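Colleague: I'd like to ask some things about the structure below.
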Amino acid sequence: MQFGTLLRSIQFLGLAGSLRALRYGVNRDLLDRTFRKARTKAKIEPRPPGPLQWAREIPHGVELKFEQAALELLLLAPDVLRITWKPGDLPIPYSIVGNDWPGDQARLEEASDEVRLLGSQLLTTISSEGVLRINDLDGLCLRADDAPLLSGESWAQTSPLAPQASIYGLGERASGWNLRGGNYTLWNQDPGGSYGPGHDPLYMSVPVYLCLQPTGHYLLYYENAHRGEIALHDDARVCFERGALRSYFIHGTPDHVLDRYSQLTGRPPLPPRWSLGYHQSRWGYRDQQEIQAIADQFKQHKLPISVIHLDIDYMQDFRVFTFDPEYFSDVKSLARSLQEEDIKLVAIVDPGVKVDRGYSVYQEGMRDRSFCTLPNGKPMLSVVWPGWVHFPDFTDPAARDWWGAYYPRLLDQGIAGIWHDMNEPTAFTPWGDKTFPLLTQHSFEAQGGDHLGAHNLYALLMNRAGYEALQKARPESRPWLLSRAGFAGGQRYAWNWTGDVETSWEALRQTLATMMGVGVSGFPFTGSDVGGFSGEPDRELYLRWFQLGAFSPFFRTHSAIGTAAREPWNFDEEIVDAVRKCLQARYRLMPYLYTLAWFASQRGTPLLRPTFWTNPDSPDLWQIADQYFLGPDLLVAPVLDAGLQERQVLFPAGRWYGFWDESDLRGEATQSVPADLTHIPVFVRGGAILPLEISPHEIELHVYLPEAGEMRGLLYSDDGDGYGEFRVDHFNGTRQGDTLYLNRTNEGEFDWPYGSLRLVVHGAEMEALIVDGQRSDQHGKRAALSLFNEVAIKLI
């Protein structure tokens, strides 16, 4: 144990808490040695599948029997192939939803040295030794797998990678944007204090990655939650400690494969509209009076805000589902006061339940046998903030229901959303793996199992318990959950953020790459702690991080206890003004962001998209990690280094407009653009019809004329919460000579929510308009309209 680790432990936990953590670490190590010894009684050499013995056709696929292994190939759709090597237990499908795949035509062809599965889009060839190759029907190789090796319960496989292939994803990584050239651990883990670039693993390991390569792109998902390793060098090498080797190969563009992947693992639900606003948080708000004062200061400084978060300080001695009777004695009145200013309260929930005979949650958990146990049947003891704790077994449906029954305690006090933390799961220990002993027992839906199989699923199933509890308690409202950890399928329940990242310019640069990687891993709603979690950013770093946050899906400032206050007014007036500009832009963009959120709920498409998103066949775009698209129409180029007054931006083909001004640029080129301290470069795609909200009842449609081609825009509207009526307005435009034609169609029964509508044209001026057959003599850049069906605009 390092001396610095011990000092930090004593600082945060006190001497008694640190001694508990030491004791827990010793006990965990003893139990883990027992676990490992039982699994490695004899050394087992890795063995290949052996010779192929027979193959037979099944509906939509083929089964193959090798001397020492079995293989099933199943075409769930023409572009989706499931590959399963056994022996090994098949996973409980926690990450998978639905079985309504259409399948595909599948024909088995046998030759002397190979078997072929021919579908309508893919040709899969399996050699007599178990080497697998996936081609498209033009003969291009999309992926090749060497014959896997089985050692005891552990599968390993190597897959050659094309020299140009770039790899993205694997959940939350601090390894740069393209993961090629690195080794990655698939094991959710609290880094123990703040982390910086290069730390691995982090809170959310997801065994899914996107591969871009000249011969064709694909996404690969391994349905295995056991501890694993993936190395991405000249080849991709994967190994899992246990379980069948099951993967899903999905072929197509990034947009298409994320659609298919979210069809497989679940669509993210449409969030309440307020969640897309600005969130203020801090570990260390002392009492509810301080939180009210924070809200008042936001109002005084004319800084928009939607949410304030309560960290662990609100609990009574860190007992989950309680409120401190002295400092948070009337949270309901606080929530009511904040709601009058349209500010919601979010409360943190940790899974550890304090061992306390006078604490009802503990008593009832013991009575209902809802906690994880050791093999002797006794509840597993661990250490987190309350001291000695038991952890719920979220693989048990009854335990999920028991846990969820406490969420109304928070909702009844006015809490609008829940923040799940410490759910990797994390235990306090000054060395080693900060989790449960591996022989800890879990229910697994009454099938039984240990923590090696449950660890990576823990957050997913805690989030499921919380989400279903919120649905049950408030069926008229959409649940909103934020989670530090997760697994594939977790997008069905919770948003995530990048956790306790350090405060540095290097960490800011890494944060953008991490958020993009999380997005292509199937989690479209992600963000970071503005300014970094653990340190004290100077004015420049704070503002640059704030600017990135303003154009991220989840926008929150949060920091550690003991750091300097980070609310905007703690900086100078120039910074406050720049922050206000960012916040005002965020709220003007709410119709656009809400529409992106709705689209993500339909297709799984990330809100924050890499530069290659619209042109993945261009290798020149594959390595760009310092700019991105927010939705289809905004190109964002954050400033990620100190002291810059300008920066280089690669503009894809087409016409681009400055979001903040009337600048007009042409792609396809890299150009230097202004980026003074108070300015984040943001550009709008020519051809976009961008909805901007001026007030809750006023909206502007900004039409950005392209060099050529059509114009398109989308606007989703509803009440902002619940499951009532909705509407989707489609705006389309074409230009013929000096006349611009716009038309609008809509679906859904929700009434048009705006009383005032203005049209703003960029790239030309209006001389006259004909609105639904009626002439209007308005001219210039802006025109006031009623809700139209067709508009013809004479341009000058």
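The values are calculated or read from the model by the stated rules, or taken from the named source; none is laboratory data. For clarity, every value in this text was computed on a predicted model and none was experimentally measured. Cβ sites come from the backbone with ideal geometry, for glycine too, and all protein chains shown count toward neighbours. Surface accessibility is based on the protein's heavy atoms, side chains included, excluding ligands, DNA and RNA. Shrake-Rupley method; radii C 1.70, N 1.55, O 1.52, S 1.80 Å.
Colleague: If a residue counts only when it is touching a helix residue (DSSP H, G or I) at 6+ places or on another chain (Cβ under 6 Å) and open to solvent by less than 70 Å² (accessible area, probe 1.4 Å), which strands (runs of 3 or more DSSP E) contained entirely in segment 657-725 have at least 2 such residues? Please lay out each step first, then the result.
Modeller: On the way: elements: 664-674, 682-685, 689-695, 698-704, 711-718.
Once the strands (runs of 3 or more DSSP E) in segment 657-725 are filtered for at least 2 residues that are touching a helix residue (DSSP H, G or I) at 6+ places or on another chain (Cβ under 6 Å) and open to solvent by less than 70 Å² (accessible area, probe 1.4 Å), what remains is 689-695, 711-718.
Colleague: Something else now. Can you tell me which residue among Leu481, Leu438 is touching a helix residue (DSSP H, G or I) at 6+ places or on another chain (Cβ under 6 Å), within 23 Å of Trp385 (Cα to Cα) and surrounded by fewer than 23 Cβ atoms within 10 Å (Cβ to Cβ)? Can you show your working first?
Modeller: Details: Leu481 fails: surrounded by fewer than 23 Cβ atoms within 10 Å (Cβ to Cβ).
Sole residue among the options that is touching a helix residue (DSSP H, G or I) at 6+ places or on another chain (Cβ under 6 Å), within 23 Å of Trp385 (Cα to Cα) and surrounded by fewer than 23 Cβ atoms within 10 Å (Cβ to Cβ): Leu438.
Colleague: In segment 357-380, what residues are crowded, with 19+ Cβ neighbours inside 10 Å and not in a strand (DSSP E or B)? Explain how you work it out, then say what you get.
Modeller: Quick first cut of segment 357-380, residues crowded, with 19+ Cβ neighbours inside 10 Å only: 359, 361-362, 365, 370-372, 379-380.
Matches in segment 357-380: Tyr359, Val361, Tyr362, Gly365, Ser370, Cys372, Met380.
Colleague: Condition first: in contact with a Gly (Cβ under 9 Å, 6 or more places away or on another chain) and assigned to a loop (DSSP other than H, G, I, E, B). Now tell me which residues in segment 228-262 satisfy that.
Modeller: Correct list: His233, Glu241, Arg242, Gly243, Ala244, Gly252.
Colleague: I'm told Gly453 meets every condition in (1) open to solvent by 30 Å² or more (accessible area, probe 1.4 Å); (2) out of contact with any helix residue (DSSP H, G or I) (no Cβ under 9 Å at 6 or more places or on another chain); (3) not polar (S, T, N, Q) except one. Can you identify the failing condition by its number?
Modeller: (1)
Colleague: I'd like to know if segment 191-204 contains one or more residues that are without any contact (Cβ under 8 Å) to a residue 60 or more places away in the chain and in a strand (DSSP E or B).
Modeller: Restricting attention to segment 191-204, the residues satisfying the condition of being without any contact (Cβ under 8 Å) to a residue 60 or more places away in the chain are 198-201.
Next, only the ones that are in a strand (DSSP E or B) stay: none.
For segment 191-204, residues without any contact (Cβ under 8 Å) to a residue 60 or more places away in the chain and in a strand (DSSP E or B): absent.
Colleague: Another one. Name the residue that is most open to solvent (accessible area, probe 1.4 Å), counting only residues in segment 129-164 that are over 30 Å from the mean Cα position of the chain (by Cα) and more than 18 Å from Lys86 (Cβ to Cβ). It would help to see each step written out before you state the result.
Modeller: Going residue by residue through segment 129-164, those that are over 30 Å from the mean Cα position of the chain (by Cα) are 129-133, 135-141, 146-153.
Still in the list and also more than 18 Å from Lys86 (Cβ to Cβ): 133, 135-141.
On the way: Arg133: 109, Asn135: 21, Asp136: 25, Leu137: 95, Asp138: 138, Gly139: 44, Leu140: 79, Cys141: 36 Å².
Among them, the one singled out is Asp138.
Colleague: What is the residue count in segment 544-587 for residues that are in a strand (DSSP E or B), aromatic (Phe, Trp, Tyr) and within 14 Å of Leu303 (Cβ to Cβ)? Walk me through it before giving the result.
Modeller: The first filter runs over segment 544-587 and keeps only residues in a strand (DSSP E or B), leaving 554-557.
The next check asks that each one be aromatic (Phe, Trp, Tyr); those that pass are 554-555.
In the following step, the residues that additionally are within 14 Å of Leu303 (Cβ to Cβ) were identified as 555.
The total comes to 1.
Colleague: Continuing with the same structure: Just checking, which of Gly720, Gly733, Gly713 is within 34 Å of the chain's Cα centre (by Cα) and at positive phi? If you could, list the steps in order and put the result at the bottom.
Modeller: Numbers: Gly733 fails: at positive phi; Gly713 fails: at positive phi.
So the residue among Gly720, Gly733, Gly713 that is within 34 Å of the chain's Cα centre (by Cα) and at positive phi is Gly720.
Colleague: What's the number of the condition Phe571 fails, among (1) more than 26 Å from Trp480 (Cα to Cα); (2) aromatic (Phe, Trp, Tyr); (3) open to solvent by less than 10 Å² (accessible area, probe 1.4 Å)?
Modeller: (3)
Colleague: Let me ask something else. Would you confirm whether any residue within segment 447-463 is in a loop (DSSP other than H, G, I, E, B) and closer than 28 Å to Ser194 by Cα? Before the answer, list the steps.
Modeller: Here is the first cut: in segment 447-463, the residues in a loop (DSSP other than H, G, I, E, B) are 447-448.
Those still in the list that are closer than 28 Å to Ser194 by Cα too: none.
Scanning segment 447-463, I find no residue that is in a loop (DSSP other than H, G, I, E, B) and closer than 28 Å to Ser194 by Cα, so the answer is no.
Colleague: Looking for whichever is modelled with pLDDT of 95 or more, under 30 Å from Trp598 (Cα atoms) and acidic (Asp, Glu) here; the options are Asp317, Asp234, Asp255. Which one fits? Write out each step before concluding.
Modeller: Working: Asp317 fails: under 30 Å from Trp598 (Cα atoms); Asp234 fails: under 30 Å from Trp598 (Cα atoms).
The conditions single out Asp255.
Colleague: Now for a different question. Can you tell me which residue is surrounded by the fewest Cβ atoms within 10 Å (Cβ to Cβ) among those in segment 69-103 that are assigned to a loop (DSSP other than H, G, I, E, B) and touching a His at 6+ places or on another chain (Cβ under 6 Å)? Steps first, answer last, please.
Modeller: Of the residues in segment 69-103, the ones assigned to a loop (DSSP other than H, G, I, E, B) are 69, 78-79, 87-103.
Those still in the list that are touching a His at 6+ places or on another chain (Cβ under 6 Å) too: 79, 103.
On the way: Asp79: 20, Gly103: 15.
By that ranking, first place goes to Gly103.
Colleague: Further, regarding this structure: Kindly indicate the residue of segment 256-285 that is charged (D, E, K, R) and in contact with a helix residue (DSSP H, G or I) (Cβ under 7 Å, 6 or more places away or on another chain) and also least open to solvent (accessible area, probe 1.4 Å) among those meeting that condition. Steps first, answer last, please.
Modeller: Of segment 256-285, the ones charged (D, E, K, R) are 259-260, 267, 273, 282.
So of that shortlist, the ones also in contact with a helix residue (DSSP H, G or I) (Cβ under 7 Å, 6 or more places away or on another chain) come out as 259, 267, 273.
Working: Asp259: 29, Arg267: 79, Arg273: 55 Å².
Within segment 256-285, the match that is least open to solvent (accessible area, probe 1.4 Å) is Asp259.
Colleague: Right, another one. Among the residues of segment 390-412, which ones are of a type outside the set (Gly, Ala, Ser), in a loop (DSSP other than H, G, I, E, B) and open to solvent by 20 Å² or more (accessible area, probe 1.4 Å)? Before you say what the answer is, go through the steps one by one.
Modeller: At the first step, the residues of segment 390-412 found to be of a type outside the set (Gly, Ala, Ser) are 390-397, 400-403, 406-412.
Restricting the remaining residues to those that are in a loop (DSSP other than H, G, I, E, B) gives 391, 393-396, 406, 412.
Asp396, Asp412 - these are the residues of segment 390-412 that are of a type outside the set (Gly, Ala, Ser), in a loop (DSSP other than H, G, I, E, B) and open to solvent by 20 Å² or more (accessible area, probe 1.4 Å).
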